[in-house]
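Reviewing the structure listed below.
The values are calculated or read from the model by the stated rules, or taken from the named source; none is laboratory data. Please read these numbers as outputs of a predicted model, since none were measured by experiment. Don't worry about glycine lacking a Cβ; one is built from the backbone with ideal geometry, like all the others, and counts go over all protein chains shown.
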């Protein structure tokens, strides 16, 4: 077996001797032989492929523990793990990108005085659908607050109603400048406690929750579960929430395509919720700049589970007013068979004083 000194091996593998010593200590890449008298390390030529793999994975930013696992796998399995790692990196980068965009917008807005007063023109409705024996959804729309909750368990209707009721004080509470997300987070804690009170009597009661709160020229978003919020702006539909579900996590990791997710047997299994036996989990909290002409949709998965996004976009854009949009969306969901409760809240952003 042809052997190389650590220096020659490092040069051939494009690694430093220092890195090779570290990988030896971490059991990532053991030398083929160590001189018992001098302690000098020797490597086999056949180890170059693994050395290059370790170097490449380090350049990808993979943690050493992950590299150890990948190196122990067969090539096909290793490829899947690398694909999943990179999907996680891209998802984390997207989150940081959104945060950076928010900070830029926030600091830019802080340097100028808002001159446009905005208001919401809204409609909300919840429908039992064509199959379910009871409606466990709750939909609400007011001058400041929009909310949709989808309950689960025998007391799901009570859970979703309790969560939304716990937020309604925001309609009349003075909103502190600069800390509206903190206020919203506290409100969700109140909603969580309200759901836990329901669950004390009905142990499996739980609910998702997605809500928007108008504050000045911005909408504060809180989201947990798989209810969704969309923005229709300049003819384009943008989803502004991220599902907290098993299948969405598999999509994020590159283990499942969006097309495969639609037929996955666990597509309704939640990773986050209020109550429902789920551990306490932090909701997503964001601020969005609102513009006159924006149209927002909040909905339960009774809509998104059966109506594709392109069809939702068409129906939202075609409806002249929020009430017509809500009616069209619910009718479309029921026309597919209405397998679930379906709830929709549609709100248009307008400058105060402009014609409806």
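A compact table of results
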quantity: Residue selected from the stretch 311-356 under the condition under 26 Å from the mean Cα position of the chain (by Cα) and in a loop (DSSP other than H, G, I, E, B), by the criterion farthest from residue 124 (Cα to Cα); calculated: 339
quantity: Exclusive hit being in a loop (DSSP other than H, G, I, E, B) and within 31 Å of the chain's Cα centre (by Cα), set 66, 61; calculated: 61
quantity: Residue selected from the stretch 197-211 under the condition out of contact with any helix residue (DSSP H, G or I) (no Cβ under 9 Å at 6 or more places or on another chain) and within 23 Å of residue 268 (Cα to Cα), by the criterion surrounded by the most Cβ atoms within 10 Å (Cβ to Cβ); calculated: 210
quantity: Residue match in the stretch 292-300 (condition: without any contact (Cβ under 8 Å) to a residue 24 or more places away in the chain, under 30 Å from residue 190 (Cα atoms) and in the same structural domain as residue 221 (by TED's automatic domain parsing)); calculated: no
quantity: Count of residues meeting criterion [in contact (Cβ under 8 Å) with a residue 24 or more places away in the chain and within 12 Å of residue 139 (Cα to Cα)] in the stretch 152-166; calculated: 5
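Residue-by-condition table, conditions (1) on the phi > 0 side of the Ramachandran plot; (2) in a loop (DSSP other than H, G, I, E, B); (3) out of contact with any strand residue (DSSP E or B) (no Cβ under 6 Å at 6 or more places or on another chain):
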{"position": "11", "(1), (2), (3)": "no, no, yes"}
{"position": "36", "(1), (2), (3)": "no, yes, yes"}
{"position": "43", "(1), (2), (3)": "no, no, no"}
{"position": "53", "(1), (2), (3)": "no, no, yes"}
{"position": "57", "(1), (2), (3)": "no, no, yes"}
{"position": "82", "(1), (2), (3)": "no, no, yes"}
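Matching residues to (1) assigned by TED's automatic domain parsing to the domain that holds residue 347; (2) assigned to a strand (DSSP E or B); (3) without any contact (Cβ under 8 Å) to a residue 24 or more places away in the chain; (4) more than 21 Å from residue 348 (Cα to Cα):
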position: 147; (1), (2), (3), (4): yes, yes, no, no
position: 195; (1), (2), (3), (4): yes, no, no, yes
position: 204; (1), (2), (3), (4): yes, no, no, yes
position: 220; (1), (2), (3), (4): yes, yes, no, no
position: 241; (1), (2), (3), (4): yes, no, no, no
